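The next block holds one structure in the form of structure tokens; read it before the comments.
The values are calculated or read from the model by the stated rules, or taken from the named source; none is laboratory data. What you see is a predicted model, and the numbers here were worked out from it, not measured in a lab. Note: ideal-geometry Cβ built from the backbone for every residue, glycine included; neighbour counts use all protein chains shown. We work out accessible area using only protein heavy atoms, side chains counted, and drop any ligands, DNA or RNA first. Shrake-Rupley method; radii C 1.70, N 1.55, O 1.52, S 1.80 Å.
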Amino acid sequence: MSQKVHTPIQHQVQAGNHGSPDLLVIGAGIFGLWAARHALKRGERVLVTEKRSVGAGASGGFLGALMPHMPDRWNAKKQMQYEGLRSLETAIAALEADTGLDCGYRRCGRLMPLVHEKMLDHLAERVAGADENWRDETGRQAFTLEHVAPGELENRFVLPDGNSWLSPDVASFGAAHDTLSARVNPRACLAALAHFVDSHENGRILEGAEVAALHRETCSVTLADGTAISAGRIAVANGWEAYGLIEGMAARLGGQKVTGRGVKGQAVLLELPHGDDLPIVYDSGSYIVPHGNAMGVDGSGRANRIAVGSTSIDAWLPDGAGEGALEAARTGYNAADTGFFDHACTLCPAIAPASVAERWANVRPRNTIPDPKTGKIGTEPVFGQLQDHEQISVAVGGFKISFGLAHLPW
Ligand SMILES: Cc1cc2nc3c(=O)[nH]c(=O)nc-3n(C[C@H](O)[C@H](O)[C@H](O)COP(=O)(O)OP(=O)(O)OC[C@H]3O[C@@H](n4cnc5c(N)ncnc54)[C@H](O)[C@@H]3O)c2cc1C
């Protein structure tokens, strides 16, 4: 039985008084829960307020691809993502050791088919980029990017029945294979983080607690039920809904106003037993991510879940929505929008007859903050303390790449 020591924050929460934590985190998604873990490790008292339940947002799916940007034309954003992908393995191992829970992480690598001859030239530049940039702290190359010839595909990446994983028919010029890409089970990772936070003597997650207003002058929030909570600092990590929450604050990071939108996506989880030695396959927006035992096993204990994603839908908000219509639009799966899945089946024909374990949809945050130098809108998250609001930080965005970055301290 747990011998949890009830600190002042625990007593106050149980009594309906939320006290004044050192850090109040808004949102129990991947960003909010990593922020809470880091603060607890620093010895702070942390309260996480979650409008729905842990993982009810974009983090609660099953795709979990952790894929690097291309290693040529290196820049600071690629370096940050590389550091995230490289350090996540250790961060997850520490979380698993603390909680005894399996997060389903594996550095599984990735295959991308080469369909035109000119892609071979690009690949040569990228291979050189990986040699130069994918290094460890001693300066040695830590991960590789290589060309896999068409004939080699059929022997090297195979299913238990001996069939090729990536179809040679769609890879006339072979494939690019990297050893940096990885996968994690998003739900298992969230469950481990939530367990760590909620079972910590100084941590607490309040579900069904929507922050309706954020007051920067008093570093406090008002919940939808009228409860007021003040805190030493506040971390805004409530996904795409963060843009609305901080809209009136003229929130700025690095001189740029924090803006963004919610982009809906959907994915499918299949049952297909495999040896858990296959890489992710990626092409033209379709991801095929083989998962391990933490996602599900067949009768003989073999990993048997493969996730396929995903769509990107900008116009998903219903007209004149009430809360019920908004929730239905946020999580409703559109059975007619299957282009991503059809393409995935041409890449890996073995998945076509597999039975569907689950269909899932949700809305992910997408920052629309232009790069100050290039004006380009990227896919990176924004982390950090807001200018002119020292006690308030945001961690939001990270379109399709959040799980490889959310653990970075900020
Ligand atoms: C189909 C799909 C596939 C994806 N695949 C990948 C992938 O393979 N790899 C990858 O890295 N990323 C992937 N992503 C993106 C990734 O899931 C998101 O970028 C990430 O989960 C965002 O995390 P978050 O913590 O910012 O937001 P969320 O997970 O959305 O968490 C925000 C939380 O805040 C809560 N909340 C909202 N408003 C309030 C409020 N006012 N008060 C309190 N709580 C509030 C919400 O209920 C929610 O639980 C995918 C997303 C989708 C939709």
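Details
- A Stokes-Einstein calculation at 25 °C with viscosity 0.890 mPa s, built on the Kirkwood radius of the stretch 8-404 over Cα pairs, returns a diffusion coefficient of 110 µm²/s.
- A full extension of the chain between Arg261 and Thr218 corresponds to an added length of 12.8 nm, given 0.36 nm per residue minus the alpha carbon distance.
- Estimated 222 nm signal from helices in the chain, with DSSP H stretches of n ≥ 4 weighted -39500 (n - 2.57), rounded to 500: -7500 deg cm²/dmol
- Ordering of 231-242, 388-399 by burial proxy (mean other Cβ atoms within 10 Å per residue, highest first): 231-242, 388-399
- Taking every protein chain into account, the 1.4 Å probe leaves Ser172 with about 70 Å² of accessible area, to the nearest ten.
- Of Thr374, Pro273, Gly324, farthest towards positive along the dipole that unit charges on Lys, Arg, Asp, Glu beta carbons give the stretch 8-404: Thr374
- Converting phi to 3J(HN,Hα) with the Karplus coefficients 6.51, -1.76 and 1.60 and the offset θ = phi - 60°, the stretch 209-226 yields 10, 7, 7, 8, 8, 10, 10, 6, 5, 9, 6, 8, 10, 10, 7, 4, 8, x Hz in sequence order, with x at every glycine or proline.
- Two-site FRET efficiency, Arg73 against Asp225, from Cβ-Cβ distance with R₀ of 35 Å, rounded to 0.05: 0.10
- Dimensionless Rg over Rh [the stretch 222-301; C-alpha; Kirkwood]: 1.18
- Each Lys or Arg adds one and each Asp or Glu subtracts one; over the other residues with Cβ under 14 Å from the Cβ of Asp131, this totals -3.
- Each other residue within a Cβ distance under 9 Å of Pro365 adds +1 if Lys or Arg and -1 if Asp or Glu, for a net charge of +2.
- Computed from backbone phi, the HN-Hα couplings of the stretch 49-55 come to 9, 10, 4, 10, 9, 4, x Hz, rounded to whole numbers (Karplus: 6.51 cos²θ - 1.76 cosθ + 1.60, θ = phi - 60°; Gly and Pro given as x).
- Excluding same-chain neighbours fewer than eight residues apart, the lysines reachable from Lys118 by a Cα-Cα span under 29 Å are Lys77, Lys78, Lys376, Lys400.
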